[in-house]
């Protein structure tokens with residue numbers, strides 16, 4: 001791994017498609033960053049393909065080859081950690097500015113949510129108190 005989320009080539013696993021001109025996707029992910037709890041959608045699995053020597057994200061009728069930074073993010077997507085927690089852990093582990101990590105994680109996960117590969121649960125206010 002290059003040691004920094006986003007690596008040498010920018011955002012982890014990000015597509016070349018820009019955000020909408022109205023910026024709605026960025027606003028949505030920024031609101032969910034603190035409380036959203038991502039998990040792999042039903043039928044989606046992250047596996048280490050030992051024969052190929054790489055990680056793969058398997059989904060029905062799809063196989064993605066995430067880059068090393070994307071793999072580090074996906075390893076933390078367990079349905080228990082919030083996006084905020086994932087960002088904190090990655091920023092600490094790789095000694096990178098939190099804001100940079102947050103942007104990379106938000107963009108990457110938003111792309112997978114759009115593809116139906118990640119589901120995002122948002123805890124209700126009552127859940128936070130318990």
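All of the numbers you see were taken from the coordinates with simple rules; none came from a lab. Since the model is a prediction, treat every value here as computed from it, not as a measurement. Neighbour counts run over all protein chains shown; Cβ positions are idealised from the backbone, glycine included.
Suppose R0 equals 41 Å. What FRET efficiency, 1/(1 + (r/R0)^6) with r the Cβ-Cβ distance, do residue 58 and residue 124 give to the nearest 0.05?
0.85
Mind ordering 96-103, 47-54, 67-74 by average Cβ neighbours within 10 Å, highest first?
Listed from highest to lowest mean packing, they are 67-74, 96-103, 47-54.
For a Förster distance of 30 Å, can you work out the FRET efficiency between the beta-carbons of residue 42 and residue 94, rounded to the nearest 0.05?
Efficiency for this residue pair is about 0.50.
Under 20 °C and 1.002 mPa s, how fast does region 47-103 diffuse according to Stokes-Einstein, given a Kirkwood radius computed over C-alpha pairs? Answer in µm²/s, whole number.
This corresponds to a translational diffusion coefficient of 171 µm²/s.
Sort 78-85, 108-115 for me by packing, meaning the mean count of neighbouring Cβ atoms within 10 Å per residue, highest on top.
The most tightly packed comes first, giving 108-115, 78-85.
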